[in-house]
Amino acid sequence: MKFFRIAVIAFAVIFGFNSCKKEVGKNWNIKIENPQNIELTDISAELYNPNISLESFKQKYPWFQGTIPDDVFEERRKDADEIKIYKDAAAKIDQNKLKKNLENLFSHIRYYFPEFKTPKVFLYSSALQGILNPIFYHSEDGFLFIDISAFMGENHPNYKGLELYFQKSMNPANIIPKVSEIFAEHFVEVNPDQQKFLYQLVYQGKLMILQDAFLPDEPDFLKINYTQKQYDWALANEVNIWDFFVENDLLYSDDADLTERFIAPAPFSKFYTEIDNESSPQIGIFTGWQICKKFFQEKSDTKIQDFLKMDAQELFNQARYKPEFEE
């Protein structure tokens, strides 16, 4: 309990100066020689357009209707509630800005992975049905789908009843980081034999390093789906968090409950102490990120492909991660 007594008593002091510490690491800013151009299509704009026939819509998007019968699908196209949700969502999205930001993201991905093929991007509204998993990449066809009804902004009336911790990352500014995360997962291999907590931390850290590489100008708090306040708390308590993991022998534990406590989406991390309600969620992802950042402080010339292939234990050893409070 020593860690959390310190955390509670010293929180204000720690928060005051440690959250402002300078981070030194690899500079991910690069010069893009061949910027990507994308096709950005708003499917729902056509779905709800009464001037476009169902047959014409089906010919253009034969995969969109799925197994819904024509008569039911036609009724959905006229559903006033669904149309309103779509219009509310579309009003929040600056499509020109989104297109530019996606092109910048894809250009950075292709810089590091030349084999990457820029996808066709489709916006649509699920009428709130798919908002917890709003980004879908179909690699075989090269299609990326973005459910804009998931990005109307926290506390939007359409989200009434949805847990607030989900809503924190349902703002238009969260679209690009969430798209980037989907592609990061495409490049980081999951090793089913590595279930120890440290290995999970490193896996999450690799995903976050790709976020750094793909989105060098994006604020860190958006990359990890935090609010600024949550990110500041994590920075301020980085030492305390690490001490807790070490002192409780969690790093080499294979207890599946640790994933639920420190990595899975939740309103806060579960240390099982009085600090829990103050803590930032998914703190294991943050810690894994700091481990991998420290690796690049030590080995800044490492190529991203070699970094991704590294064994978690080897990476951790070379990172020499041991955070300390700055004086």
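Considering only segment 169-187, state which residues are in contact (Cβ under 8 Å) with a residue 40 or more places away in the chain and either farther than 20 Å from TYR112 by Cα or assigned to a loop (DSSP other than H, G, I, E, B) (or both). Correct list: SER169, PRO172, ALA173, ASN174, ILE175. Looking across segment 40-62, just one residue is farther than 16 Å from PHE122 by Cα and among the acidic types (Asp, Glu), and that is GLU55.
Could you identify the single residue in ASP71, ASP88 that is of a type in the set (Asp, Glu), touching a Ser or Thr at 6+ places or on another chain (Cβ under 9 Å) and not in a loop (DSSP other than H, G, I, E, B)?
After ruling out the rest, the residue left standing is ASP88.
Considering segment 256-327, the qualifying helices (runs of 4 or more DSSP H), each wholly inside and each with 2 or more residues that are under 25 Å from PHE214 (Cβ atoms) and among the hydrophobic types (A, V, I, L, M, F, W, C), run over 283-298, 304-309, 312-319.
PHE57 satisfies every condition listed in (1) modelled with pLDDT of 95 or more; (2) surrounded by fewer than 12 Cβ atoms within 10 Å (Cβ to Cβ) except (2). Within segment 73-91, residues that are in the same structural domain as LEU123 (by TED's automatic domain parsing) reach partners that are exposed (fewer than 12 other Cβ atoms within 10 Å of the Cβ) and in a helix (DSSP H, G or I) with beta carbons closer than 9 Å, at six or more positions or on different chains, in the pairs ASP88/PRO157.
Can we say PHE221 is out of contact with any strand residue (DSSP E or B) (no Cβ under 9 Å at 6 or more places or on another chain) and over 18 Å from PRO177 (Cα atoms)?
no
Pick from segment 229-255 the residues that are part of a helix (DSSP H, G or I) and among the charged types (D, E, K, R): which of them is surrounded by the fewest Cβ atoms within 10 Å (Cβ to Cβ)?
This residue is GLU247.
Among the residues of this structure, LEU315 does not count as one that is aliphatic (A, V, I, L, M), within 25 Å of the chain's Cα centre (by Cα) and surrounded by fewer than 19 Cβ atoms within 10 Å (Cβ to Cβ).
Here PRO216 passes the criteria (1) modelled with pLDDT of 95 or more; (2) farther than 27 Å from GLN313 by Cα; (3) in a loop (DSSP other than H, G, I, E, B) except the one numbered (2).
Within segment 123-136, the set of residues being touching a residue at least 24 places away in the same chain (Cβ under 8 Å) and more than 19 Å from the chain's Cα centre (by Cα) comprises TYR124, SER125, SER126, ALA127, LEU128. Among strands (runs of 3 or more DSSP E) lying entirely in segment 101-168, which contain 3 or more residues that are surrounded by 18 or more Cβ atoms within 10 Å (Cβ to Cβ)? Per the criteria, 120-124, 143-147.
The values are calculated or read from the model by the stated rules, or taken from the named source; none is laboratory data. Computed from a predicted structure; not experimentally measured. Cβ: placed from backbone, ideal geometry, glycine included. Neighbour counts: every protein chain shown.
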